[in-house]
Each structure stands twice: as structure tokens, then as C-alpha cells.
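Structure first, commentary second.
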Amino acid sequence: MVEAGRIDHGHHAGNAYRALTDTIELSKAVRTALKNVDLEETLIIVTADHSHTFNMAGYPQRGNPILGVVKVPDSAGNFVGHISKDAQGKSYTTLSYANGPGYVNGDLRPDLTHVDTINPDYRQAAIVPLKSETHSGEDVAIYAIGAGSQTVHGTLEQNVIYHIMKYALEF
Ligand SMILES: [Zn+2]
């Protein structure tokens, strides 16, 4: 088993840059595993044991930097880079957290138009102040390829994963 545990640490720090870049590293690790196993006799499962309070929202235009402030197209759908503003007239990022160290008091929340939100140390805004952002409870994805992977489909209870792996071992 390989755990890409630093994705979790990035989220706990309220830092999307590190969570996302470590997700890319997980993708590279899976690619390496795929090159080094025989899928006729190996089952590879990629999943998570929980989610985080991480959100992607605000209708940014296609191509908007994922770590950037939300820029929206004009009413005709043209990509004009118009910065979207909240009810207080301030810009905001596509990514945010429901809780964590990125909390800023609502009325004191800074306008982000000239803030370097793409900087690796930037912490995305959070609604509830906590020293460490928390896990959350929605469903997580599960992907599988190789021997026995046909048993991974639809919505599964987490305990079923054990039986899927046991089944694969019996091939
Ligand atoms: Zn954690």
C-alpha cells in the first residue's frame, strides 16, 4: 500500500497549492506502478479514506488559473478576464475551505485582486477559524484497474474494499 499522505497535510494547512501538487505526485506514482505490474495478475485501487472541506466554486471562466481569483466571461461567453466580485465588492478565489487556518473575518476579508493567490504559501479563505482544517464526510472516488477491477463500480461502502481485495487474491 502506498499513501499519498501529504495531500492530507496540505489540506490541513489550508494550502491548496501543496494539496494539489502532491495529488499530481500521486498520479505519477500510479503511472510508475502501472508500468511495473502485470494487470493480468495485479489489482490496482486508488481511493481516499476521507475528504476535506475543500471547495471549488464561483463560475470561473474556462482556463482560469485554478489557484487564481475568479474571472468570468461576458454575457456572450467571451473570455474577457472580468474579475468577479462578492456582495462586498471584493474578489475571491475559486478554491476555498469551510474551515481552517485561512479564516479571515467576513467584513475584514481582503480584496484579493492584487494578492498573489498562486504563491505556494497562500492559504485559501476559510469560513470557520481552526488551527488545522478538518476532514469531511462526503463520498470519495475509487478507481480500479487490473485483475478483479470489474468489482469496483457504483457507490460502495468502505468495508467492501476489503472483500474486493480478498477476491482479487483468490484469482
Ligand atoms: Zn488528515
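The values are calculated or read from the model by the stated rules, or taken from the named source; none is laboratory data. From a predicted model like this one, the values you see are computed outputs, not experimental measurements. Glycine gets a Cβ as well: all are built from the backbone with ideal geometry, and neighbour counts include every protein chain shown.
Observations on the model:
- Every listed requirement among (1) within 16 Å of the ligand (Cβ to nearest atom); (2) part of a helix (DSSP H, G or I); (3) more than 30 Å from I83 (Cα to Cα); (4) not hydrophobic (A, V, I, L, M, F, W, C) is met by H11 save one, (3).
- Residues that are in a loop (DSSP other than H, G, I, E, B) and either surrounded by fewer than 17 Cβ atoms within 10 Å (Cβ to Cβ) or within 18 Å of the chain's Cα centre (by Cα) (or both) are absent from segment 16-33 altogether.
- Restricting attention to segment 34-47 and to residues that are under 30 Å from A98 (Cα atoms) and surrounded by 15 or more Cβ atoms within 10 Å (Cβ to Cβ), the residue that is farthest from the ligand (Cβ to nearest atom) turns out to be I45.
- Reported count of residues in segment 88-141, each being within 14 Å of the chain's Cα centre (by Cα) and among the aliphatic types (A, V, I, L, M), is 4.
- Qualifying residue in segment 105-112 (condition: surrounded by 17 or more Cβ atoms within 10 Å (Cβ to Cβ) and touching a strand residue (DSSP E or B) at 6+ places or on another chain (Cβ under 6 Å)): yes
- G89 exposed (fewer than 13 other Cβ atoms within 10 Å of the Cβ), out of contact with any Pro (no Cβ under 9 Å at 6 or more places or on another chain) and in a loop (DSSP other than H, G, I, E, B): yes
- Screening the candidates G148, G100 for the property of being at pLDDT 95 or above, in contact with a helix residue (DSSP H, G or I) (Cβ under 9 Å, 6 or more places away or on another chain) and surrounded by 10 or more Cβ atoms within 10 Å (Cβ to Cβ) yields one hit, G100.
- Top-ranked residue of segment 107-144 - restricted to ones that are part of a strand (DSSP E or B) and hydrophobic (A, V, I, L, M, F, W, C), ranked as nearest to I44 (Cα to Cα): A144
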